[in-house]
Amino acid sequence: MIITFSGLNGAGKTVTSKLLADRLGWQWHGAGMFMRQLAKKKGMTISEFDAFVKQNPDIDKELDQQISLLADKNESLVVDGRLAWYFLPSSIKIFLTASEDVRVKRVFAVGREREVYSSYEESKHLLQKRIDITRNRWMQLYGINGYDENNFDIVIDTSNHTPEDTVNEILSRIQDQL
């Protein structure tokens, strides 16, 4: 069985998906980490790298191919990747969202390496820019809107949830499938 996570920046995809994988004792894979590693190698922030990838679609296709190959592993997996649901169609597809204010505050507070924002407003602007860039990129490459909640089996607003609350909700909703 495979469970895929997608959602908006700052909604808690990575933290929640890792926690779920730990709770289930399953292997975890994260597409965002791969993208951040590539950005770091190029000396770019993740926002700069998103713009770069738009001009170099082979990077997306390489990542998407790696995600598709996970279906062949015949293992129980949790996969954090915004398009993982599309490339692993038999997965349980989870989409996490949160209010814009909550997402911006989370991202601003975390300040991942090379993603330190100088202000809340800068954080807000760059988060929206990333969403717009990726939405357009996916539409051009695959003709899909990866942020359309209708593509998912489970949609959870994490605005007022801890990651543990979100994992508990997911487990309660999929317990009959485990």
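Nothing in this text is a laboratory measurement; each read-out follows from the coordinates by a stated rule. In this text the structure is predicted, and so the values were computed from the model without any measurement. Glycine gets a Cβ as well: all are built from the backbone with ideal geometry, and neighbour counts include every protein chain shown.
Values for this structure:
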{"quantity": "Dipole of the chain, positive end: most advanced residue of T162, I59, T14 [Cβ charges, Cα centre]", "calculated": "I59"}
{"quantity": "DSSP loop GluC sites (Glu not before Pro) with at most 13 other Cβ within 10 Å excluded, longest remaining stretch of the chain", "calculated": "1-74"}
{"quantity": "Electrostatic dipole magnitude of segment 2-166 [Cβ: Lys, Arg +1; Asp, Glu -1; Cα centre; debye, to 20]", "calculated": "420 debye"}
{"quantity": "Exposed trypsin sites (Lys or Arg not before Pro) absent: longest stretch of the chain, with sites in DSSP loops and at most 13 other Cβ within 10 Å deemed exposed", "calculated": "43-111"}
{"quantity": "Approximate spin-label separation E100-F34, in nm, with each point projected 7 Å along Cα-to-Cβ", "calculated": "3.1 nm"}
{"quantity": "Amide N of segment 1-16 lying under 18 Å from the label point, which is placed 7 angstrom from the Cα of A71 along Cα→Cβ", "calculated": "1-6"}
{"quantity": "Residues with amide H under 5 Å from that of D80, placed H, sequence gap 5 or more", "calculated": "F5, H29, G30, A31"}
{"quantity": "Interchain or long-range residues, amide H under 5 Å from I92's placed H", "calculated": "I2, I3, T4"}
{"quantity": "Segment 32-41 - phi-based ³J(HN,Hα) in whole Hz, Karplus 6.51/-1.76/1.60, Gly and Pro as x", "calculated": "x, 5, 4, 5, 5, 5, 5, 4, 4, 4"}
{"quantity": "Average projected area [Cα convex hull, segment 2-166], square nanometres", "calculated": "9.1 nm²"}
{"quantity": "Value at 222 nm in deg cm²/dmol, rounded to 500, when DSSP H runs of n ≥ 4 in the chain each add -39,500 (n - 2.57)", "calculated": "-16500 deg cm²/dmol"}
